[in-house]
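The values are calculated or read from the model by the stated rules, or taken from the named source; none is laboratory data. Computed from a predicted model, the values in this text were never measured in an experiment. Neighbour counts run over all protein chains shown; Cβ positions are idealised from the backbone, glycine included.
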Amino acid sequence: MIDELAAWLAGTRLSLLVNSSPWIWAGLETLHFIGLAVLIGAAGLLDLRLLGFFRGLSIGPLRALLPWMIGAFLLNLATGVLFLVGSPFQYVHSLAFGLKLCAVAIAGLNALVFAAALSREASVIAAGVDTPLA
C-alpha cells in the first residue's frame, strides 16, 4: 500500500516539477535549513530561559518570537512535504524519516501543552527570577 502511494506521488506534476531542476531541490533545502535555524534559534532561546539560563531576560517579551516559530515551522512543513513528494521512495521506508516524524509530533504536542497550559504563567516571569518547576 505504501509503495503504491509512493508511486502515485512520484508521478504527480508536483513531483515532476520538484525534480525538473537541481536548483529547485537546492532552493528547497536552503529554505528548509533557514526555517530550521529560525525555529531552533527562537524556540531554543525560550527553552533555555525556561531552564534557567539567560536569567537576565524576561519571558514575556520572548513570546514575541512565537509568530517567527510558527512561520518557520510552516516553512519547514511545506518544504518537507515537497521533499516527500519529490522523492517519495527515499522517505517512505526510512526508519530515520519515521523517527523524525515522531520527534516532530512530540515537539508539536509539547508546544501545544505549553501554549495551552503554561504560557500565561510563564510569561509573567520577570528577569532574574527562577522558572517554577512546573
For this session: Filter segment 53-91 down to residues that are surrounded by fewer than 16 Cβ atoms within 10 Å (Cβ to Cβ) and either at pLDDT 90 or above or not basic (Lys, Arg) (or both), then give me how many there are.
Result: 17
Seminar exercise, completed: In segment 42-52, anything farther than 16 Å from Glu121 by Cα, over 10 Å from the mean Cα position of the chain (by Cα) and surrounded by 14 or more Cβ atoms within 10 Å (Cβ to Cβ) is listed as Ala42, Leu45
Exercise. Would you pick out the residues in segment 12-23 that are in contact (Cβ under 8 Å) with a residue 40 or more places away in the chain, loosely packed, with under 15 Cβ neighbours inside 10 Å and assigned to a helix (DSSP H, G or I)?
Worked result: Leu14
Seminar exercise, completed: By residue number, the members of segment 1-11 that are surrounded by fewer than 13 Cβ atoms within 10 Å (Cβ to Cβ) and of a type outside the set (Asp, Glu) are Met1, Ile2, Leu5, Ala7, Trp8, Gly11
Exercise. Any residue in segment 31-39 that is of a type outside the set (Ser, Thr, Tyr), over 15 Å from the mean Cα position of the chain (by Cα) and crowded, with 16+ Cβ neighbours inside 10 Å?
Worked result: no
